[in-house]
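Here it is, the structure, as structure tokens.
The values are calculated or read from the model by the stated rules, or taken from the named source; none is laboratory data. It should be emphasised that the depicted structure is a prediction, and the values quoted were computed from it without experimental measurement. FYI the Cβ positions are ideal-geometry reconstructions off the backbone, even for glycines, and counts take in every protein chain you see. Remember, those area values only see protein heavy atoms, side chains included, never the ligands or the DNA or RNA. Shrake-Rupley method; radii C 1.70, N 1.55, O 1.52, S 1.80 Å.
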Amino acid sequence: VQLVESGGGLVQAGGSLRLSCAASGTTFSINTMGWYRQAPGKQRELVATISSSGGSTIDAESVKGRFTISRDNAKNTMALQMNSLNPEDTAVYYCYSRSPFGVVYWGQGTQVTVSS
């Protein structure tokens, strides 16, 4: 099982980024997927979740209205569209995949840095 994130980088406040997570070697279409983030000196925070059928939840109050999560089961990919970024969004973003049996897989993380 492998999850590979991409799309992170440096962006100015107010800008946008689109993170992608590509999955291989797993039953992607039946797994719940999502994104966590971890800022320096802070605990890992659940950002958004999307079910196998595409039902999505934005879990972090601070990103509601700005972030959107989506998935493409045919391509085994998941995305996090991040708009109106601010410096508080600076973190390492991790995608995860949870099987119906509760097994959780993690990506290696991608750095997002928002400059003021």
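Kindly provide the set of residues from the stretch 1-30 that are open to solvent by less than 50 Å² (accessible area, probe 1.4 Å), over 10 Å from the mean Cα position of the chain (by Cα) and over 14 Å from Lys75 (Cα atoms), ordered by number. Reasoning before the result, please.
Our first condition is that a residue be open to solvent by less than 50 Å² (accessible area, probe 1.4 Å); within the stretch 1-30, this holds for 3, 5, 7-9, 11, 15, 17, 19-23, 26, 28.
Among the residues that remain, those that are also over 10 Å from the mean Cα position of the chain (by Cα) are: 3, 7-9, 11, 15, 17, 22-23, 26, 28.
Answer for the stretch 1-30, where residues must be open to solvent by less than 50 Å² (accessible area, probe 1.4 Å), over 10 Å from the mean Cα position of the chain (by Cα) and over 14 Å from Lys75 (Cα atoms): Gly7, Gly8, Gly9, Val11, Gly15, Leu17.
Taking Gly107 as meeting all but one of (1) modelled with pLDDT under 95; (2) in contact with a strand residue (DSSP E or B) (Cβ under 9 Å, 6 or more places away or on another chain), write down the number of the exception.
For Gly107, the failing item is (1).
Give the residue that is surrounded by the most Cβ atoms within 10 Å (Cβ to Cβ), with candidates limited to residues of the stretch 47-60 that are more than 20 Å from Phe101 (Cβ to Cβ) and at pLDDT 95 or above.
By that ranking, first place goes to Val47.
Out of curiosity, is Gln38 open to solvent by 50 Å² or more (accessible area, probe 1.4 Å), touching a strand residue (DSSP E or B) at 6+ places or on another chain (Cβ under 9 Å) and not aliphatic (A, V, I, L, M)?
On the way: open to solvent by 50 Å² or more (accessible area, probe 1.4 Å): yes; touching a strand residue (DSSP E or B) at 6+ places or on another chain (Cβ under 9 Å): yes; not aliphatic (A, V, I, L, M): yes.
Judged against the criteria, Gln38 is a match.
What is the residue count in the stretch 61-116 for residues that are over 29 Å from Gln12 (Cβ atoms), of a type in the set (Gly, Ala, Ser) and surrounded by 13 or more Cβ atoms within 10 Å (Cβ to Cβ)?
2
Search the stretch 45-69 for residues that are within 18 Å of Gly7 (Cβ to Cβ) and in contact (Cβ under 8 Å) with a residue 12 or more places away in the chain and pair each with any residue that is part of a strand (DSSP E or B) and of a type in the set (Ser, Thr, Tyr) when their beta-carbon atoms are under 6 Å apart and the residues are at least 6 apart or on different chains.
Going by the 6 Å Cβ cut-off, the qualifying pairs are Ile50/Ser56; Ile69/Ser56.
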